[in-house]
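Where a number appears in this text, it was derived from the coordinates with a stated rule and is not lab data. Values in this document were obtained by computation on a predicted structure and should not be read as measured data. Heads up, the Cβs are rebuilt from the backbone with ideal geometry, glycines too, and the neighbour counts pull from every protein chain shown.
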Amino acid sequence: MVGFKTILLNGANEGLPIPESMYTGLLHGHSGLRYLLLIALIIAIVAAYRNVKSGGAYAGAAKLFGLITMILTDLQLLIGLVLWYVYMDTRTHFKINQLKDVLSNSTARYFLVEHFIMMLLAVLSIHLGYRMAKKSITGAAANKAQFRWYLIALILILIAIPWPFYGNLGRGWF
């Protein structure tokens with residue numbers, strides 16, 4: 001008898017394959033959500049920058065879109081982790097002793113290592129920026145923290161997204 005954990009954690013089980021439509025749906029959701037995240041992130045950066053230049057308090061659009069960005073980032077991370085596991089498990093049949101083979105395959109290496117690490121650093125940067133902004137005593141320090149850390153995250157995200165023009169690594173626009 002197959003245990004509940006096996007059903008949830010092992011899509012490569014021949015008796016319980018992960019439905020292709022689920023993988024495709026998650027991939028499209030992950031790809032589409034990136035645009036909402038990028039829009040919220042850019043608005044948060046611009047709002048924080050405006051507040052830095054005007055000496056405004058950490059409130060309004062900067063604070064709201066800082067939080068929205070963090071929430072969308074966490075949602076992207078959750079979907080991404082599911083896709084990462086599914087890709088690792090069902091697409092590459094990755095095993096620890098096959099690490100050399102996976103790293104020699106540029107597509108598998110990109111999605112299992114490079115994309116994952118850069119996006120994880122972007123998530124950490126967003127969380128760090130939001131936390132530092134909330135803990136700051138002055139509005140100027142809060143806006144500077146959000147601006148700096150969110151800008152770092154934006155750069156990492158733009159580098160790590162598998163854009164369609166990345167050749168064999170690229171995904172569709174949606």
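Show the residues, 5+ positions off or on another chain, whose built amide H is closer than 5 Å to the amide H of residue 58.
139
Shape of the stretch 40-169 from its Cα gyration tensor (a ≥ b ≥ c, root eigenvalues): rounded if a/c is under 1.5, otherwise prolate when a/b > b/c, or oblate?
On the way: a/c = 3.15, a/b = 2.66, b/c = 1.18.
The shape class here is prolate.
Using the Karplus equation 6.51 cos²θ - 1.76 cosθ + 1.60 (θ = phi - 60°), what ³J(HN,Hα) coupling, rounded to whole Hz, does each residue of the stretch 131-139 give in order, writing x for Gly and Pro?
Values per residue, Gly and Pro as x: 5, 5, 5, 5, 7, 5, 7, 9, x Hz.
Could you give each residue of the stretch 42-49 its phi-based ³J(HN,Hα) in whole Hz, using Karplus coefficients 6.51, -1.76, 1.60 with θ = phi - 60°, and x for Gly or Pro?
5, 4, 4, 5, 5, 5, 5, 4
Once you have the Cα-Cα distance between residue 135 and residue 27, take 0.36 nm times their residue separation minus that, and quote the gain in nm to one decimal.
35.3 nm
Only Cα pairs under 8 Å and at least 6 apart count here; give the relative contact order of the stretch 40-169 as a rounded whole percent.
Taking the mean separation of contacting Cα pairs over the length of the stretch 40-169, I get 34 percent.
What is the fewest-to-most order of 53, 144 by other Cβ atoms lying within 10 Å of their Cβ? List each step's numbers first, then the result.
Working: 53 10, 144 20.
Result, fewest neighbours first: 53, 144.
Given labels modelled 7 Å from the Cα in the Cβ direction, how far is it in nm from residue 35 to residue 110?
Distance between label points: 2.1 nm.
Counting other beta carbons within 10 Å of each residue's own, what order do 149, 84 fall into, fewest first?
With the sparsest Cβ surroundings first, the list reads 84, 149.
Once you have the Cα-Cα distance between residue 82 and residue 101, take 0.36 nm times their residue separation minus that, and quote the gain in nm to one decimal.
My answer for the length gained is 4.6 nm.
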